[in-house]
Amino acid sequence: MKDRAGSLAWEVTGSGPPLILLHGLSGSRRWWERNVAALAPLVRTYTVDLPGFGESRRLRWSRLEHTAELLYDWMEAQGIARAHIGGHSMGGAVGALLAANHPERVDRLVLVNAAIRPRGAHATARASDVVRTISHTPPGFTPLLARDLLRTRPRSFITATVNVLQAEWHAHLTRIAAPTLIVWGEHDALTPLSLGHTIADIIPDAQLVTIADAGHTPMWEQPEVFNSAVLEFLGRTEQFG
């Protein structure tokens, strides 16, 4: 489906409080295929293709801030006053920025191997890290990654990568008011686990869950463990702290 402004492509499944899931760089909403059915009994899940990617590839990614505001406008168009937000890698950066700038719109935040580099955390990914990451993904994911990468708008890919790496994150993270679950694959070579610990130390009311035998895409590599952690987090009635 598309929103009423004819922009972002999205799908909705389930019933209950809304949960918006945002994919990573060169990805699409299909990266959540192993999670949506498990989450559907508890939440109404919206999987969204971000601009420049998936079925939203005809849109141009301009800036990280613009994408967060576009998501805000999309929520307005759908009549979603408040939602849980879950974001993987680049999608985690978008979700974190939305939560920082519009805390009244985000109930709970789930950051999955988020491409967020606070002050002092430098990009260290090498070509060998990419190869290691792909080699550890389970059967079925590599063709999905290849297809999504081929249909990604090249300029959007480059611009989004630069945006995420250059963002000044520390001030944004300290403004996040939503209880936050940080989920990280222990063997991620692209965004190492140490980064997850750094983010968890900065965001108020944040907790870190490490998923064993998983790399950069724990929601795909270990879906049962991932789904259980997210369901437990979203199902809580108490606030942290």
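The values are calculated or read from the model by the stated rules, or taken from the named source; none is laboratory data. Remember, predicted model here, so these are calculated numbers, not experimental data. Note: ideal-geometry Cβ built from the backbone for every residue, glycine included; neighbour counts use all protein chains shown. Side chains included, ligands, DNA and RNA excluded: accessible areas come from the protein's heavy atoms. Shrake-Rupley method; radii C 1.70, N 1.55, O 1.52, S 1.80 Å.
Per atom type, the range 1-69 shows carbon and sulfur on 51% of its accessible surface, probed at 1.4 Å.
Roll a 1.4 Å probe over the protein chains and send me the accessible area per residue for the range 170-241 in Å². Walk me through the numbers before you get to the answer.
Numbers: 2990 Å² over 72 residues.
On a per-residue basis, 41 Å².
Close amide H pairs (under 5 Å, H built 1.01 Å from N) link residue 208 with 182, residues at least 5 positions away or on another chain. Charge tally around residue 219: other residues with Cβ under 11 Å, Lys/Arg +1 each, Asp/Glu -1 each, net -2.
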